[in-house]
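To start, the structure under review is shown below, and the notes come after it.
The values are calculated or read from the model by the stated rules, or taken from the named source; none is laboratory data. What you are looking at is a predicted structure, and each value in this text was computed from that prediction instead of being measured. All Cβ positions, glycine included, derive from the backbone under ideal geometry; neighbour counts span all protein chains shown.
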């Protein structure tokens, strides 16, 4: 009898909602201060998770949530990058 696999949960820093890790985007600050999107979820550095919906991204941008969680300046272009990544991942209907 196999035990069901444990699904890792993470909290979206914008909405505060707990979700499975696969449904979130990880933003990471490396040791040299660079902020980037981490599609694999395995880059080393300080990470923060955001929901894969545009409302959460815009809320994070408005409240400057990533700056507080990553403890560094976050370029405006990163939010645009995240939004375009979400658009690419959406299933075409």
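Kindly establish whether residue 10 is over 20 Å from residue 90 (Cα atoms), surrounded by 12 or more Cβ atoms within 10 Å (Cβ to Cβ), more than 11 Å from the chain's Cα centre (by Cα) and at pLDDT 95 or above. No.
Checking the stated criteria, residue 82 turns out to be in contact with a strand residue (DSSP E or B) (Cβ under 7 Å, 6 or more places away or on another chain) and assigned to a helix (DSSP H, G or I). Scanning the range 44-75 for residues that are under 11 Å from residue 13 (Cβ atoms) and part of a strand (DSSP E or B) yields 47, 48, 49, 50, 51. Among the residues of the range 23-38, those identified as in contact with a strand residue (DSSP E or B) (Cβ under 9 Å, 6 or more places away or on another chain) and either surrounded by 15 or more Cβ atoms within 10 Å (Cβ to Cβ) or in contact (Cβ under 8 Å) with a residue 24 or more places away in the chain (or both) are 23, 24, 25, 26, 27, 28, 29, 35, 36, 37, 38. Take residue 41 and decide whether it is outside any strand (DSSP E or B), out of contact with any helix residue (DSSP H, G or I) (no Cβ under 7 Å at 6 or more places or on another chain) and surrounded by 10 or more Cβ atoms within 10 Å (Cβ to Cβ). No. Selection within the range 13-22: residues that are farther than 22 Å from residue 73 by Cβ and touching a helix residue (DSSP H, G or I) at 6+ places or on another chain (Cβ under 9 Å). The member of this set that is surrounded by the fewest Cβ atoms within 10 Å (Cβ to Cβ) is 17. The set of residues in the range 44-58 that are touching a residue at least 24 places away in the same chain (Cβ under 8 Å), surrounded by fewer than 20 Cβ atoms within 10 Å (Cβ to Cβ) and more than 20 Å from residue 88 (Cα to Cα) contains only 46.
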